[in-house]
Amino acid sequence: MLALTRKLAAIAVSVSLALPLAAQADPAKGPETAVQTRYGGADSLRCLTEALYFEARGEGRSGQRAVAEVILNRVDSRAFPNSVCGVVNQRGQFTYNKGRRMSNAAAAARARQIAADALAGAPRALTSGATYFHTTSVRPGWSKRFTRTTRIGSHVFYRQGRRVATN
C-alpha cells in the first residue's frame, strides 16, 4: 500500500509539472483564478523547478527561494539569457545533469511550489540582487570578483561589483 501511495504521488507531481502554468489555479483565490507570470509558462516552471530540485533540494525554503531569486535576477540582467530556461541551460552555469528524473516526489512538489511562487512575483528580498552563488564546500576563483551579499544554508550569494573591503 505504501509503495502504491508513493507511486501515485510521483505521478501527481509528474502531471502537475506537465500542465501549463496558466492552467494552474491559485487555491487561495479559487479554481477560476490562474497564476500569471511575465517569465513564461510551463517551460519556465519546469526549468526553474528542476534547477531548484537539483541545486538546492537539501536547503530549507529560504535557501530554495534564494536560488530562485538568483535565476530570476539573471533573467532580468542584460548579462545573461532573457528566459528562465535560457539561464538554467546556459553552458557551464549549473552543475546538475539536465533531464534527470526527480526521484523524491515531496522535494519535487516543494521545489515546484517555490518555483511557481517566484514566477508569479514573490518578493525577492533574500539575496540583495545576487546573480551568482556557490555551495560552501567550494571556493571558486570568480567569487573574489563579486560582492558577497549573504549566506543562506550551504549557499553563498554574490552580485556584480567589486569588493571594497572584507570583514
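The values are calculated or read from the model by the stated rules, or taken from the named source; none is laboratory data. This structure is a prediction, so every number in the text was calculated from the model and none was measured. No Cβ is skipped: glycine too gets one built from the backbone with ideal geometry, and neighbour counts run over all protein chains shown.
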Across region 140-153, which residue is surrounded by the fewest Cβ atoms within 10 Å (Cβ to Cβ) among those that are touching a strand residue (DSSP E or B) at 6+ places or on another chain (Cβ under 9 Å) and over 16 Å from residue 68 (Cβ atoms)?
142
Counting only residues that are among the basic types (Lys, Arg) and within 15 Å of residue 129 (Cα to Cα), region 61-95 contains a total of 3
Selection count, region 21-64, where residues are modelled with pLDDT of 75 or more, over 19 Å from residue 96 (Cα atoms) and aliphatic (A, V, I, L, M):
1
Kindly list the number of the only condition in (1) assigned to a helix (DSSP H, G or I); (2) without any contact (Cβ under 8 Å) to a residue 40 or more places away in the chain that fails for residue 81.
(1)
Sole exception among (1) in a loop (DSSP other than H, G, I, E, B); (2) closer than 15 Å to residue 41 by Cα; (3) at pLDDT 95 or above for residue 121, by number:
(3)
